[in-house]
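J.: Can you keep this structure in mind? I'll have questions shortly.
Coordinate-derived values only; no laboratory data. Computed from a predicted structure; not experimentally measured.
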Amino acid sequence: MGKIVVPFGKELRKYIGYSQVANYLMKYLKDLNAKTFVIERNYVDKDYLIDYQLFYSRSFQDIERYTLRPTFLQRHSLRMNLRNKL
């Protein structure tokens, strides 16, 4: 699993975009004083796999079995600790 650690702000837009939902999320996280954004790639989520099994497994489309897991942190210092551990 790869992790991406970015500071909260304009760099985050690269990952969430500029939709109305993304704008709402940015405002909400700013109000919560978020400082760091962590994305876990190729995350295995039990609920997603259940949905995948029930719906997508019978499809002939190539649907990704993995998902992304976002985590928002309120401290900058955790970001540096995470980067050192990756």
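J.: For segment 3-85, calculate the relative contact order in percent as a whole number, restricting contacts to Cα pairs under 8 Å that are 6 or more residues apart. Walk me through the numbers on the way to the answer.
T.: Numbers: 85 pairs, mean separation 33.6, N = 83.
Relative contact order comes out at 41 percent.
J.: Given the rule -39500 (n - 2.57) for each run of at least 4 DSSP H residues, summed and divided by the residues of the chain, what is its mean residue ellipticity at 222 nm, to the nearest 500 deg cm²/dmol? Let's see the in-between values first.
T.: Working: 4 runs with 35 residues, N = 86.
The helix contribution divided over the chain gives -11500 deg cm²/dmol.
J.: Taking the chain as a Gaussian network, where each spring joins two C-alpha atoms under 10 Å apart, which residue of Glu64, Glu40, Glu11 fluctuates the most?
T.: Of Glu64, Glu40, Glu11, the Gaussian network model singles out Glu64 as fluctuating most.
J.: Using Cα springs under 10 Å in a Gaussian network model of the chain, which residue among Ile50, Ile39, Ile16 shows the largest mean-square fluctuation?
T.: The residue that fluctuates most here is Ile50.
J.: Taking the chain as a Gaussian network, where each spring joins two C-alpha atoms under 10 Å apart, which residue of Arg58, Arg13, Arg75 fluctuates the most?
T.: Arg58
J.: Right, another one. Provide, in order from the shortest bin, the percent of all Cα-Cα pairs of segment 2-51 in each 10 Å bin, continuing until the bin that contains the maximum pair distance.
T.: That works out to 23, 44, 31, 3, in percent per bin.
J.: Per 10 Å bin from zero, what fraction in whole % of the C-alpha pairs of the chain is there, up to the bin with the longest pair?
T.: 16, 38, 31, 14, 2
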